[in-house]
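Take a look at the structure below.
The values are calculated or read from the model by the stated rules, or taken from the named source; none is laboratory data. None of the values given here were measured: they were computed from a predicted structure. Reconstructed Cβ throughout: ideal geometry from the backbone, glycine too, with neighbour counts over all protein chains shown.
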Amino acid sequence: MQDITRLSATELLGLYRRRELSPVEATRAVLAQIDARNPAINAYCLVRGDEALAAARASERRWRKGEPAGLLDGVPTSVKDLLLTSGWPTLRGSRTIDEAGPWTVDAPAVARLREHGAVLLGKTATPEFGWKAVTDSPLTGVTRNPWDLSRTAGGSSGGAAAAVASGLGPLAVGTDGGGSIRIPASFCGIVGLKPTHGRVPVYPPSPFGTLSHVGPMTRTVADAALLLDALGSPDFRDTLALDRRAPAVDELAASRVKGLRVAYSPALGYAEVDPEVGQAVGDAVAALEACGARVTLADPGFGCPIAAFSVLWYAGAAKVVDDIPADRRPLIDPGLAEVAAEGLRYSALDYLQAQRERAELGIAMGAFHQNYDLLVTPTEPVLAFGAGTEVPDGSAEPRWPSWTPFTYPFNMTHQPAATVPCGFSAAGLPVGVQVVGPRHADSLVLSACAAIEAARPWRDRWPA
């Protein structure tokens, strides 16, 4: 058998079902990989090996009886350290939070993982309160890209992406307020889905409001669909949660792209894209066309919405800091303090105007999807850059949204958007392509990703 840590969740479940592998063996292998690789990558900020093995032994007993608990029984899984996890501290990359807790509540996503029998390994690193698109924090330090340790893993779900890319667990749950699943997934060469808003319930409510989403991060599209199905149950604590949808796994089929109307926008009409990124994404679009999609070169037609997004995001950062006791605020990340101060300068009218512009953007995209089933763009216009910096060297702008123009617009519109690997640069860095669909079209987005995955396979390529 190949290295157990390189098996997908779907493959692990098949082996459990045939009794060719046990959850205990899989969990031990992943924990050994964490011991070996996490010190260099810094993907995990908390590992609970004994608890994971106890959960794996319980799963093993259920499989022996032929009574698995749910969709993920025995699959090693990580949780981003922004999501409450009963019995474990959720420190959010911050020195301002008391580790003593109490920690008695599971976020909806964590509760669903437990219900479906997942083996929880630990918590993955995040920038402080998830405020930026790279992963370093005053509490846990810098998380590095497993393909090149001198470069960033992206963020804010950088620990989750680095873990999955390195074989430190096949499944991870991340959050995405402006690209925080898709950015690190693209930089680290894995699959990441920001679902339709409400598909995965959120609790407690994010200070960044309904920009924030929770979703799957995996090495395969099939695993992303599987994890979405497990996470996507309504929860009374989220008043905006959607009813359970048809299982994405049942609808996942690369063949569904035949005849789809696909708009390909290489730059959304205003972004600058690295040539190596553009080439890889163009090849992925050609692969979709070869599968029968009707591809048209077309921009959605909106202008750069960074001003409106910044009002919403910086106001959220101001609320984050406002919730921290005044005597502990000197401990926060200086960058977070700066954007929070910027957020305090906005008025209620500024915020409502940004919400109006956000609604107009959503309406425009709704109209766009009357003519196109899917929109395809690069996930990122740049390759992973130096670790420990918020922006690439030479950037004219000091803040992270300036270099990720393809991700945050679709947090504003609540649409499903996924990234799937589509190639590598000459230096061996992953490139991702983003597939965006109309609201509720999560399974269609994943089917297009599956077609790209099949046409441009990357699964046998791993970081050194």
Checklist outcome for this item: Exception for Gly362 within (1) out of contact with any His (no Cβ under 8 Å at 6 or more places or on another chain); (2) within 24 Å of Val420 (Cα to Cα) falls at (1)
Checklist entry - Does the stretch 17-27 contain any residue that is farther than 22 Å from Ala464 by Cα, under 24 Å from the mean Cα position of the chain (by Cα), in a helix (DSSP H, G or I) and polar (S, T, N, Q)? => result no
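Considering only the stretch 414-431, how many residues are surrounded by fewer than 24 Cβ atoms within 10 Å (Cβ to Cβ), part of a loop (DSSP other than H, G, I, E, B) and in contact with a helix residue (DSSP H, G or I) (Cβ under 8 Å, 6 or more places away or on another chain)?
The initial filter retains those residues of the stretch 414-431 that are surrounded by fewer than 24 Cβ atoms within 10 Å (Cβ to Cβ), namely 414, 423-429.
Filter once more, so that each one left must be part of a loop (DSSP other than H, G, I, E, B): 414, 425-429.
After this cut, where a residue has to be in contact with a helix residue (DSSP H, G or I) (Cβ under 8 Å, 6 or more places away or on another chain) as well, the list is 414, 425-426, 429.
Total satisfying the criteria: 4.
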Checklist entry - Between residues in the stretch 290-303 that are surrounded by fewer than 12 Cβ atoms within 10 Å (Cβ to Cβ) and residues that are outside any loop (DSSP other than H, G, I, E, B), which pairs lie under 6 Å by C-beta distance while being six or more apart or on different chains? => result Leu297/Tyr264
Checklist outcome for this item: Within the stretch 116-142, the count of residues that are touching a Cys at 6+ places or on another chain (Cβ under 9 Å) and buried (at least 24 other Cβ atoms within 10 Å of the Cβ) comes to 7
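Could you please find all residues in the stretch 322-337 being assigned to a helix (DSSP H, G or I) and either more than 15 Å from Pro138 (Cα to Cα) or at pLDDT below 95 (or both)? Quick ask: steps written out before the conclusion?
Filtering the stretch 322-337 for residues assigned to a helix (DSSP H, G or I) gives 322, 326-331, 334-337.
Asp322, Ala326, Asp327 - these are the residues of the stretch 322-337 that are assigned to a helix (DSSP H, G or I) and either more than 15 Å from Pro138 (Cα to Cα) or at pLDDT below 95 (or both).
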Checklist outcome for this item: The one condition Val249 fails out of (1) modelled with pLDDT of 95 or more; (2) among the β-branched types (Val, Ile, Thr); (3) part of a helix (DSSP H, G or I); (4) farther than 30 Å from Leu352 by Cα is (1)
Checklist entry - Right, Ala263: under 23 Å from Pro409 (Cα atoms), assigned to a loop (DSSP other than H, G, I, E, B) and aliphatic (A, V, I, L, M) or not? => result no
